[in-house]
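All of the numbers you see were taken from the coordinates with simple rules; none came from a lab. All figures in this text were calculated on a predicted structure; none of them were measured in a lab.
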Amino acid sequence: MLSHEGRSVVLVVEDEPSYQEALNIGLTVEGFVVLGASNLAQARQLMTSTRPDLVLLDVMLPDGSGIDYCREIFDSSRVPVIMVSARTSEVDIVLGLEIGAADYVTKPYRLRELVARMRAVLRRPITNDDDETITFGDVRIDLVRRTVAKQGIEVELSRKEFDLLALFASRLGQVVTRDVCLDTLWWGLELTDTRTLDTHVKRLRQKIESDPANPRHLLTIRGVGFRLDA
Ligand code: CA
């Protein structure tokens, strides 16, 4: 992630010139190094010649599907991909397929929201083939496949619940403040009701704790945040 004097390199794969230009300017202002590709052929070239920290990938491209390319990136590297779709119907496809996308946005999006999501993805723990799981107690988290198992039995988590658990697990034994949780999961957007976070934590406890009323792992640090203990 640290390259170009500490700036993250983002590969923007986008065939609409207006979006490409706006992202080039906007993301550069935000401190990113921006590489632009307007089709998959260019994207593949840039993925080989440079190693971006993050890929913004449009779904509909002139020489193929961003969905297929996302799967290709996921299979060959651990570079996180944020899918960019033009229609909400595409989002369903993106979410329905296990293509390994780290996140997605729908056009039109606000630059502020996109940047917040990019930073959140870049903050996630970096995984590789040798180190893709985190274990605590009888719970095992697979960060690559985004699955969680308790006593070997798979537990079904929502997207947000998984992201929250992965955030806690990446800082095992350390306090994660409420602000960091909100910033990472809700991209720094104002939540009208921050109790949503507590609801997610409560649901997580019901799924991963043997006695959710007396949690042994996912602890509340009153007035500060939460801590996941092994
Ligand atoms: Ca397109």
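Out of every Cα-Cα pair in the chain, what percent are more than 26 Å apart? It would help to have the intermediate numbers written out before the result.
Working: 10509 of 26335 pairs.
Across the chain, Cα pairs with separations above 26 Å total 40 percent.
Can you list the HN-Hα couplings for the range 218-230, worked out from phi with the Karplus curve (6.51, -1.76, 1.60; θ = phi - 60°), rounded to whole Hz and with x for Gly and Pro?
8, 9, 8, 9, 3, x, 10, x, 9, 9, 9, 9, 6
If one takes the longest principal axis of the Cα atoms in the chain, at what angle in degrees, from 0 to 90 and to the nearest 10, does the Cα axis of helix 17-29 lie?
60 degrees
Given an 8 Å cut-off on Cα distances and at least 6 residues of separation, report the relative contact order of the chain as a percent. Present the calculation step by step, with values, prior to reporting the outcome.
Values: 353 pairs, mean separation 29.0, N = 230.
Relative contact order comes out at 13 percent.
How far is helix 159-170 tilted off the main Cα axis of the chain, in degrees rounded to 10, range 0 to 90?
It works out to around 70 degrees.
Considering only DSSP beta bridges whose two residues both sit in the chain, what percent are antiparallel, to the nearest 5? Present the calculation step by step, with values, prior to reporting the outcome.
Numbers: 22 of 39 bridges.
Here the antiparallel bridges make up roughly 55 percent for the chain.
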